[in-house]
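The values are calculated or read from the model by the stated rules, or taken from the named source; none is laboratory data. These numbers were taken from a predicted model, which means no experiment stands behind them. In this analysis, Cβ positions are derived from the backbone assuming ideal geometry, glycine residues included, and neighbour counts consider all displayed protein chains. Surface areas here come from the heavy atoms of the whole protein model, side chains and all, with no ligands, DNA or RNA. Shrake-Rupley method; radii C 1.70, N 1.55, O 1.52, S 1.80 Å.
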Amino acid sequence: MGEMNLAAMIIGGVALLLVLLGLYMLQGKWMFLIAGYNTMPREEQKKYDSLAMARFIGKLLLALAFCMILWIAGIWSGESWMLYIGVALFLVCIGAALMYMNTGGRFLKQPSIKEHKKNK
């Protein structure tokens with residue numbers, strides 16, 4: 001077995017793992033895997049929309065798995081441009097997701113009308 005085939009198999013295994021984790025996250029399960037969220041006190045966790053966060057992470061994991069499949073296609077076909085595009089998309093997805101998640105308080109729960117009136 002060549003080194004390239006071994007690398008493709010390892011990347012494929014990781015991509016498969018990302019697909020499985022992504023599918024579970026899309027269902028709102030396995031929130032304990034999100035670092036930072038799982039270490040917050042329960043009172044802090046209640047401030048966040050955990051289902052929306054899990055769905056976003058699930059979509060991100062599926063996008064990253066797709067990028068890794070491009071890596072595999074580039075390795076097996078010998079087309080280096082596919083490999084480079086896969087790596088570039090992988091990095092862009094991670095960077096964009098970090099910016100999206102950490103700006104604007106997107107996953108904070110909106111206060112209900114009762115809570116909003118109570119605070120006035």
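A few points about this structure:
- Average accessible area per residue (Å²) across the chain - probe 1.4 Å, nucleic acids and ligands excluded: 70 Å²
- Distance between region 59-76 and region 1-19 - C-alpha centres, whole angstrom: 10 Å
- If R0 is 22 Å, the Cβ-Cβ spacing of K47 and Q27 corresponds to a FRET efficiency of close to 0.50.
- Within the chain, helix-based [θ] at 222 nm, where runs of 4 or more DSSP H residues each add -39,500 (n - 2.57), nearest 500: -23500 deg cm²/dmol
- Take the Cα of F66, step 7 Å toward its Cβ, do the same at V14, and the gap between the two points is 1.9 nm.
- Taken about its Cα centre, the chain carries a charge dipole of roughly 1040 debye when the Cβ of each Lys and Arg holds +1 and the Cβ of each Asp and Glu holds -1.
- Full extension of the chain between A96 and S77 gives 4.0 nm of extra length, using 0.36 nm per residue less the Cα-Cα distance.
- The residues packed around M25, meaning those with a beta-carbon under 11 Å from its beta-carbon, carry a net charge of +3 if Lys and Arg are +1 and Asp and Glu are -1.
- Contour excess over end-to-end distance, with Cα ends at Q110 and A35 and 0.36 nm allotted per residue: 24.8 nm
- Note on the chain: dipole from Cβ charges, positive end direction compared against L89, G104, L17; the farthest Cα belongs to G104.
- For region 1-95, the fraction of 1.4 Å probe accessible surface lying on carbon and sulfur atoms is 71 percent.
- Close amide H pairs (under 5 Å, H built 1.01 Å from N) link Y48 with K109, residues at least 5 positions away or on another chain.
- Each residue of region 84-100 was assigned a 3J(HN,Hα) from its phi angle through the Karplus curve 6.51 cos²θ - 1.76 cosθ + 1.60 (θ = phi - 60°); the sequence is 5, 5, x, 5, 4, 5, 4, 5, 5, 4, 5, x, 5, 5, 5, 5, 5 Hz, with glycine and proline shown as x.
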